[in-house]
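Written below as structure tokens is the structure these notes are about.
The values are calculated or read from the model by the stated rules, or taken from the named source; none is laboratory data. Small disclaimer: the values here were computed from a predicted structure and weren't measured. Don't worry about glycine lacking a Cβ; one is built from the backbone with ideal geometry, like all the others, and counts go over all protein chains shown.
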């Protein structure tokens, strides 16, 4: 069985890249966390030990394994070990609320779930109960539950069949669909290879790069620009598991980190540090995605650190789409990647598909891109390319769409007859070929890079017996950044804290309203 698993794993990209990096870079630094680091050979040794442990538990050969950890060395080691035995990696946010975790586990047929016990360093979220494997145990009786050797991590193994959804599946990254429910985006080895090559070309990455992963590796943006890029190029990966601006600034200064996938809020916080001073980093590539990069934030960061921020457009389904490489147009997300094709279609109602008029393609072919840019196209963004995921899983069945369906009949996240994925984002291509994001077709917004469906928040609020009606919105606080707030029509007497506590029990922490405003009508 072990031999079969090794053969299966030989085609898995992350495992193959680890072998190549260990051969080429040997004792060079691979992973840095706080005051400790692992060389590429040391990382390979740790990974192989975990892989042997997984084989002994019968995990491998396509088994889906959940990994509920933050940006710590164990995440990297275990993810690579799962790749090494041919298992599918399913990262899950350790702060996920109970209801959302239940939906994830209903959609993802996990063979095992690795968690950190309550009270550990990562169990500091408002709803630490999500770190328990209990939701899966409600439906499946565990074959075994054991602590991984030398750690506090628990691995629960369940009696479940190995799913056969997409050939070559290597990782499933969870995001939110238009209704706010969890959606697992399936990425194959081919998707990962195309995405890694696309990012490496756009950022000019090589083995000398130093990448700081301060955004979560369990989200596609952090995974693609962090772990995936480091494994592809042999670059050094620095891990940071909590947003502590002063410590992050020290890492940037002391270690000469030159590649940072971040959010506008992270850079705004760094720019507020009174003792900050210019960095001596050459060819710094500090990316901002997940929300609009305001000109004031971009300028404040440049004034303090001497580095221009690069707006970036990235989605879980498509990977990296566009980048402002020169960092001179923060109101746009820059020019499209040559490795993908993008087209824009008119924003129309799903109830009137016959009015949809697809515009000219832009992206892969320069002539087509120039034509689209010259006409200043505006509309719904569709993406096609080797890095684009071809399937997703959800706890709820998506409506079936015929392959020949018109563009307006394809749901957000679906693909049309030509293989273009409907992102749900609305954008405009200006005359210089830069893409500007204008909004969404649905009510999805982003809070510090994470998707929030306002309808989901409103539904949660109105499920509370003392709330008659509710309206959720996102505002940007000058001190704390983007946050969800709500206006509520109450039934009788109720305190704001009661409503917030109800939301905290049912929503992920970043979806919970920070402020409740009572009103008579909405």
Subject >> Selected residue (criterion: surrounded by the fewest Cβ atoms within 10 Å (Cβ to Cβ)) from residues of segment 79-94 that are part of a helix (DSSP H, G or I) and touching a strand residue (DSSP E or B) at 6+ places or on another chain (Cβ under 6 Å) >> reply: 79
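Could you pull out the residue among 352, 407, 397, 356 that is under 23 Å from residue 316 (Cα atoms), in contact with a helix residue (DSSP H, G or I) (Cβ under 9 Å, 6 or more places away or on another chain) and modelled with pLDDT under 90?
Result: 407 is the single residue among 352, 407, 397, 356 that is under 23 Å from residue 316 (Cα atoms), in contact with a helix residue (DSSP H, G or I) (Cβ under 9 Å, 6 or more places away or on another chain) and modelled with pLDDT under 90.
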Original post:
Would a scan of segment 494-506 turn up a residue that is assigned to a loop (DSSP other than H, G, I, E, B) and at pLDDT 90 or above?
Top reply: yes
Original post:
From 434, 415, which residue is surrounded by 19 or more Cβ atoms within 10 Å (Cβ to Cβ) and within 21 Å of residue 184 (Cβ to Cβ)?
Top reply: 415
Subject >> Complete set of residues in segment 45-65 that are outside any loop (DSSP other than H, G, I, E, B), surrounded by 18 or more Cβ atoms within 10 Å (Cβ to Cβ) and free of Cβ contacts under 8 Å to residues at least 60 places away in the same chain >> reply: 46, 47, 51, 54, 55, 65
Original post:
Which number in (1) under 19 Å from residue 63 (Cβ atoms); (2) in a loop (DSSP other than H, G, I, E, B); (3) at pLDDT 95 or above marks the one condition that residue 164 misses?
Top reply: (3)
Original post:
assigned by TED's automatic domain parsing to the domain that holds residue 109, under 15 Å from the mean Cα position of the chain (by Cα), within 28 Å of residue 21 (Cα to Cα) and modelled with pLDDT of 95 or more - does that describe any residue in segment 207-215?
Top reply: no
Subject >> Of all residues making up segment 199-215, the number that are crowded, with 22+ Cβ neighbours inside 10 Å and not in a strand (DSSP E or B) >> reply: 5
**OP:** Output the residues belonging to segment 294-315 that are touching a strand residue (DSSP E or B) at 6+ places or on another chain (Cβ under 9 Å), part of a loop (DSSP other than H, G, I, E, B) and either under 26 Å from residue 206 (Cβ atoms) or at pLDDT 95 or above (or both).
**Re:** 307, 308
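Being farther than 17 Å from residue 458 by Cβ and surrounded by fewer than 18 Cβ atoms within 10 Å (Cβ to Cβ) is the filter here; which residues of segment 479-497 pass it?
Start the filter on segment 479-497 by keeping residues that are farther than 17 Å from residue 458 by Cβ, which leaves 479-482, 492-493, 495, 497.
Within segment 479-497, 479, 480, 492, 493, 495, 497 meet the criteria.
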